[in-house]
Structures are given as C-alpha cells and as structure tokens.
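These notes concern the structure reproduced below.
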Amino acid sequence: MSMEVHGIRVIFPDGTEKCLTEEGYVLEKHLFERWIADEAVAAGASMYLNHKISSMERVEEGGRFSGWLCDGKGDNFPIQAKIVIDASGVAAVCSKLVKLDHDKPLNEMGKVVAGMQYEMLEVPTDGYLDFYIWPEYAEKGYLWMIPKCDGRA
C-alpha cells in the first residue's frame with residue numbers, strides 16, 4: 001500500500017468539483033501484481049511465463065462453460081484452464097482471440113486508447129484522487145492525479 005485516501009474528486013472545466021468520499025487505498029501496482037501472482041501460485045494456480053498464446057477455445061461440459069483450451073508457443077501447451085489471466089497489457093492478446101457467439105473476436109480490431117503517465121514529485125495532496133473532465137486536454141476521456149506516499153503522484 002502506498003497511501004490511504006479519502007475518496008475521489010471530479011473536477012470540471014468550469015472549476016466545479018464533485019466529491020465521493022469513501023476511504024480507500026492507493027497501491028503500488030507493480031508490487032501488488034507481483035504479490036497477487038505469488039499468492040495465486042501459493043494457492044495452487046499455475047503460472048506460465050514466456051509462453052505465446054495463439055488460440056483460445058471455450059470448453060463446455062454438459063452444455064455449460066467449464067474453461068478454456070489454449071494453444072500456442074511454449075513448453076506447456078496445450079493448456080486447459082478454468083481461468084486465464086491475460087497479463088499482456090495494452091496488447092490485450094486474449095480479447096483478440098476470444099470469439100463471441102457470432103464468431104467475431106471480442107476485440108476484433110485490437111482497439112486501444114492512447115494514454116500516458118508519469119510520476120511527479122513534491123505534489124501537494126489532501127488525500128483525494130483527482131479526475132479532470134477537461135475535453136480541451138482529453139477530448140474523449142479524462143486526466144487524473146493519483147497521490148502516493150512521499151509526495152509522489
């Protein structure tokens with residue numbers, strides 16, 4: 001955990017602010033992801049690194065979904081799993097492979113939203129995550145400032 005927070009604040013172009021106060025936490029994502037992967041493995045999950053998935057097929061038993069049959073490049077393929085966690089980031093590999101009922105991929109075009117982030121130092125905070133709805137700077141989205149410990153955001 002990086003910081004306890006009080007909630008979120010949405011800030012509009014005219015300066016209007018709306019707050020949702022609900023206590024929460026800001027995590028250091030890279031540390032959290034490592035921890036949750038270790039916890040899953042400790043609880044019996046299998047983790048396969050350096051594998052490239054090329055297909056995912058639904059597996060059904062008795063007319064009910066029971067998991068996935070995955071194939072690709074790597075020592076452990078084919079892999080059958082109840083749950084598949086796609087850790088490919090913005091590449092969104094699994095969403096391009098999963099077929100819907102009409103046989104089209106879930107994310108046919110591999111659509112992504114451009115974004116960028118950077119860390120700033122010595123940022124004052126009152127313990128709220130700030131979301132800016134400012135079309136001038138983010139035409140179809142928003143900007144945000146997430147406070148972290150030691151004055152980082």
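The values are calculated or read from the model by the stated rules, or taken from the named source; none is laboratory data. What you see is a predicted model, and the numbers here were worked out from it, not measured in a lab. With ideal geometry, Cβ positions are generated from the backbone for all residues, glycine too; neighbour counts draw on all protein chains shown.
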query = Inside segment 7-17, can you point out the residues that are in a strand (DSSP E or B) and either touching a residue at least 24 places away in the same chain (Cβ under 8 Å) or surrounded by 12 or more Cβ atoms within 10 Å (Cβ to Cβ) (or both)?
reply = GLY7, ILE8, ARG9, VAL10, ILE11
ask   = Is at least one residue of segment 25-34 in a loop (DSSP other than H, G, I, E, B), among the hydrophobic types (A, V, I, L, M, F, W, C) and surrounded by 12 or more Cβ atoms within 10 Å (Cβ to Cβ)?
value = yes
ask   = Can you find a residue in segment 65-84 that is part of a helix (DSSP H, G or I), more than 30 Å from GLU4 (Cα to Cα) and touching a strand residue (DSSP E or B) at 6+ places or on another chain (Cβ under 9 Å)?
value = no
ask   = Based on what the data block shows, is SER95 surrounded by 10 or more Cβ atoms within 10 Å (Cβ to Cβ) and part of a strand (DSSP E or B)?
value = no
query = What residue, among those in segment 72-92 that are under 12 Å from LYS52 (Cβ atoms) and exposed (fewer than 14 other Cβ atoms within 10 Å of the Cβ), is modelled with the lowest pLDDT?
reply = ALA91
message = Given the criteria touching a Gly at 6+ places or on another chain (Cβ under 6 Å), under 30 Å from CYS149 (Cα atoms) and either at pLDDT 90 or above or surrounded by 12 or more Cβ atoms within 10 Å (Cβ to Cβ) (or both), does LEU20 qualify?
response = yes
remark   = With criteria (1) outside any strand (DSSP E or B); (2) farther than 30 Å from ALA153 by Cβ, GLU60 comes up short on (1)
